[in-house]
Amino acid sequence: MKLWGGRFEKDTDKLLEEFNASIDVDARMYEQDIKGSIAHAMTLHKAGILSDDELKEIVDGLNGILNDIKEGKVEFTKENEDIHMNIEALLTSRIGEAGKKLHTARSRNDQVALDLRLYMRDEIKGIIELLKSMVNTLLDIAEDNVDTLMPGYTHLQRAQPITLAHHMLAYCSMFLRDIGRLEDCVKRMNFSPLGSGALAGTTYNLDREYTAQLLGFDGVTPNSLDAVSDRDHGIEFLSAAAIIMMHLSRFCEELVLWNSKEFSFIEMDDSFATGSSMMPQKKNPDAAELIRGKTGRVYGDLIALLTLMKGLPLAYNKDMQEDKEAIFDGIDTLKACIRVFDGMMKTIKFNKDNMRNSAKYGYMNATDMADYLVKKGMPFRKAHEVVGKVVKKALDDRCALEDLSIDTLRSFSDLFEDDIYEVLDLYKCVQSRSVIGGPAKEMVHMTINEFRKALT
Ligand code: ARG
């Protein structure tokens, strides 16, 4: 008989049993479910609802089940619907009467709300660690490349010279914000819903603060209706996950471009590239492409959960059982992508000479030439126009700005003097951008240090 079978006269249709069961998805929360049940049992004991012996039987029973699950000795059933009822049924079959008291003052509604919070809390902490080690990899690359010149782009057109280190730090900034978003999300969800019952709390005198303390929460939820029907934490996490994937995806898009013969800025290591079944010469950046592709999947998880929740009246509705597939898929996909990305970045070879060469051609020192004229007294708008004409001349002559003679330059403005050639040196162009957040070496070193500190 079902745990809830008392008021039923017929068995559940097999079709519905299969459809209604969530055990295949929620079994992964077994450890959180058991921890939560132990804390709940201790709270029941504190309220005088369980005797010392009953508490001991329940706790020992639950710990035994936990061990057996870990050792693969337990088979869950669809008849018992979900992880909560599977474990409760198992407990009662093992310890008898005391097991039947465990669900006093509790509903699966506050139980599942609890399990999901505990599970997500653990997973998010793990994801933060993965992100931190990935950012450290990027900082290592930055450290090795404070002098590696490359073009900085706008509109995917060469714009101003930067360094590979500066480019890496841009992504580090994004991922550090992402870490902050995940930490924030944990902070807001870290409150215990136990004691909320099905929707309206409980008549038993439960010390909710005690349960919360046992489970490492920062406090208890303030409203029972909200506590059982809130899935904001899932939505917040998936929003943060979607943003992380968007950042990874932009990076991967650049890596795919950089890996093309046309750019030739990087070469993927053989261990993080794949071949073609038809074209023997191919070596493809599949890892980067797949991460870019899987971004859509995580966006889908977010939209699925938002859509799931948007029309639900308070409090719990069975629709909400669908939340876990989206959240778990988001967690799994994100973790896999961060791990693969980290491995790929650790093994990438940067073709520094090609990067430097690209920086050389493209008139990326034109802004510096204009700034030179401004520093000699010309208004910026006028300087912009003059340098535009100089660029046109260099384009016609198929040469770089620094290849034009001083006489040619002076035919555009007599403010040009021999010191212009120093200003046009690409390395100097970068070093003179020593404003906070700029690509100059000293700034980049400072930022690397700050970011390393932020990761500890
Ligand atoms: N398996 C359910 C879920 O994941 C647990 C809560 C069920 N509650 C209920 N009253 N049917 O949402």
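The values are calculated or read from the model by the stated rules, or taken from the named source; none is laboratory data. Model, not experiment: these values are computed from the prediction. Cβ sites come from the backbone with ideal geometry, for glycine too, and all protein chains shown count toward neighbours.
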Could you tell me whether segment 407-426 includes any residue that is of a type outside the set (A, V, I, L, M), in contact with an Asp or Glu (Cβ under 6 Å, 6 or more places away or on another chain) and buried (at least 18 other Cβ atoms within 10 Å of the Cβ)? no
Unique match (being at pLDDT 95 or above and under 30 Å from Ala241 (Cα atoms)) among Asp342, Asp414: Asp342
Restricting to segment 414-441, name every residue that is under 27 Å from Asp353 (Cβ atoms) and part of a loop (DSSP other than H, G, I, E, B). Asp425, Ser432, Arg433, Ser434, Gly438, Pro439, Ala440
Tabulated pairs, segment 108-119, first at negative phi and within 7 Å of the ligand (Cβ to nearest atom), second modelled with pLDDT of 95 or more and hydroxyl-bearing (Ser, Thr, Tyr), C-beta under 6 angstrom, 6+ apart or interchain: Asn109/Tyr316
Failed item, numbered, when Lys100 is tested on (1) under 24 Å from Ala200 (Cα atoms); (2) within 16 Å of the ligand (Cβ to nearest atom): (2)
Only one of Ile95, Ile87, Ile34 is of a type in the set (A, V, I, L, M, F, W, C), in a helix (DSSP H, G or I), more than 16 Å from the ligand (Cβ to nearest atom) and closer than 30 Å to Gly216 by Cα, namely Ile95
Within segment 47-81, the residues that are within 30 Å of Glu209 (Cβ to Cβ) and either assigned to a loop (DSSP other than H, G, I, E, B) or of a type in the set (Asp, Glu) (or both) are Ala47, Gly48, Ile49, Leu50, Ser51, Asp52, Asp53, Glu54, Glu57, Asp60
Residue match in segment 434-451 (condition: touching a helix residue (DSSP H, G or I) at 6+ places or on another chain (Cβ under 7 Å), of a type in the set (Phe, Trp, Tyr) and under 30 Å from Arg177 (Cα atoms)): yes
Which of the residues that make up segment 22-31 are within 12 Å of the ligand (Cβ to nearest atom) and within 23 Å of Lys101 (Cβ to Cβ)? Met29
Given the residues Leu238, Leu194, Leu214, Leu225, which is the only one that is touching a residue at least 24 places away in the same chain (Cβ under 8 Å), crowded, with 23+ Cβ neighbours inside 10 Å and over 25 Å from the mean Cα position of the chain (by Cα)? Leu194
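When you scan segment 303-400 for helices (runs of 4 or more DSSP H) that lie fully inside it, which ones turn up with 3 or more residues that are within 16 Å of the ligand (Cβ to nearest atom) and farther than 22 Å from Asp418 by Cβ?
323-347
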Picked from segment 98-111 (must be of a type in the set (Gly, Ala, Ser) and part of a loop (DSSP other than H, G, I, E, B)), the residue surrounded by the fewest Cβ atoms within 10 Å (Cβ to Cβ) is Ser107
